[in-house]
Amino acid sequence: MKPCIEPIDFHGIEALRLTGPRGAQAVVARLGGQVLSWITPDGRERLFLSDRAVFDGSVAVRGGIPVCFPQFAGLGGLPKHGLVRTRSWQVAGENCGDDYAMATLAVEDDEASRALWPHAFRIELTVMLEAGRLDVELAVENTGTAPFAFTGALHTYLRVVQVEDVALEGLYGFTYRDAAGGDRLVRESGTALAVEGETDRVYHDVGRPLLLQAGNLSLGIHGEGFPDVVVWNPWVEKCRQLPDMAPDAWRRMLCVEAAAARQAVTVAPGQSWAGRQTLVVV
Ligand code: TA6
């Protein structure tokens, strides 16, 4: 079957299903411009989506790849992770070739966003699906007349069978801010990061591909444009406090996020910035 894109209903919300070569599939929702599923040609789902995720737009959908903009986490006075996770995005482009399927969704400032953040913007999320690879690119355009600064992330929830058994390689030697450890700055001293408790770290300036060793679900992870990498797992206690996660769901996910968190990115009027996260089957 030729790769293509079709509108679907996914848990009651409008989404696009991308079908790529060799049966690869991805689903991206208009709500939040959020990728919610990525199935590789081996039939495996690679993204975590909570059984208790809420799809009515009252909160961000728990799982997939939420877009955090123009604020990462609580790094400022805006709502946590910014303003676009619960917005309805527009479909801005679709394109299929013999070996890929690609869709672009976009969202712009409006009265509600300007009431909280007085800037004009257009952001586009382009999802490119190939056989064993997913590229997700965020482009941020300043459509106003004054510069603005933002932080943000592609808050990717990766699906794992058992998080205690995975290892994340490639972070050795990088400094991280340890949000689960009093915001201390720590230098990573291990060659493979094992998740052994609540983990909430922003690794700074990681200009290197990572490897998630996770049995049948291993992946290469590469960020471009986004300087930082965030690694998050809520573990037992924090997970219990999240109403949209089953009590044991912490075990089946690990967020490895492409982020611009340590330093805000400034975009001049009429200019754009772009960052990308690439996930590759290994
Ligand atoms: O990216 C990690 C993080 O900022 C954590 O501190 C954790 O709270 C997570 O994001 C999820 O945030 P959310 O607002 O989606 O519950």
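A few points about this structure:
- Any hit, the stretch 50-62, residues being crowded, with 17+ Cβ neighbours inside 10 Å and not in a loop (DSSP other than H, G, I, E, B): no
- Filter result (in a loop (DSSP other than H, G, I, E, B) and open to solvent by 10 Å² or more (accessible area, probe 1.4 Å)) within the stretch 18-49: R30, P41, D42, G43, R44
- Of all the residues in the stretch 131-142, those that are open to solvent by 50 Å² or more (accessible area, probe 1.4 Å) and under 24 Å from L158 (Cα atoms) number 2.
- Subset of the stretch 118-129 that is surrounded by fewer than 19 Cβ atoms within 10 Å (Cβ to Cβ) and within 17 Å of W89 (Cβ to Cβ) - its residue that is farthest from the chain's Cα centre (by Cα): A120
- Residue match in the stretch 148-161 (condition: more than 26 Å from N233 (Cα to Cα), out of contact with any helix residue (DSSP H, G or I) (no Cβ under 8 Å at 6 or more places or on another chain) and open to solvent by less than 30 Å² (accessible area, probe 1.4 Å)): yes
- L134 meets each of the listed conditions (1) more than 21 Å from G82 (Cα to Cα); (2) in a loop (DSSP other than H, G, I, E, B) apart from (2).
- Contacts under 8 angstrom Cβ, first residue in the stretch 71-91 being modelled with pLDDT of 95 or more and part of a strand (DSSP E or B), partner open to solvent by less than 60 Å² (accessible area, probe 1.4 Å) and near the ligand (Cβ under 8 Å from one of its atoms), 6 or more apart: G82/C68; G82/F72
- Positions within the stretch 55-83 being away from the ligand (no atom under 11 Å from the Cβ), out of contact with any Ser or Thr (no Cβ under 7 Å at 6 or more places or on another chain) and over 16 Å from A258 (Cβ atoms), in sequence order: F55, D56, S58, G76, G77, L78
- The stretch 185-207: number of residues that are at pLDDT 95 or above and in a loop (DSSP other than H, G, I, E, B): 11
- Filtered residue count, the stretch 137-166, keeping only those that are in a strand (DSSP E or B), away from the ligand (no atom under 16 Å from the Cβ) and either of a type in the set (S, T, N, Q) or free of Cβ contacts under 8 Å to residues at least 60 places away in the same chain (or both): 1
- Answer residue from the stretch 97-117, given it is closer than 19 Å to V35 by Cβ, in contact (Cβ under 8 Å) with a residue 60 or more places away in the chain and out of contact with any Lys or Arg (no Cβ under 7 Å at 6 or more places or on another chain) and is surrounded by the most Cβ atoms within 10 Å (Cβ to Cβ) among those: A101
The values are calculated or read from the model by the stated rules, or taken from the named source; none is laboratory data. What you see is a predicted model; the values in this text were computed from it and never measured. Note that each Cβ is placed from the backbone with ideal geometry, even for glycine, and that neighbours are counted across all protein chains shown. The accessibility values were calculated without ligands, DNA or RNA, using every heavy atom of the protein model including side chains. Shrake-Rupley method; radii C 1.70, N 1.55, O 1.52, S 1.80 Å.
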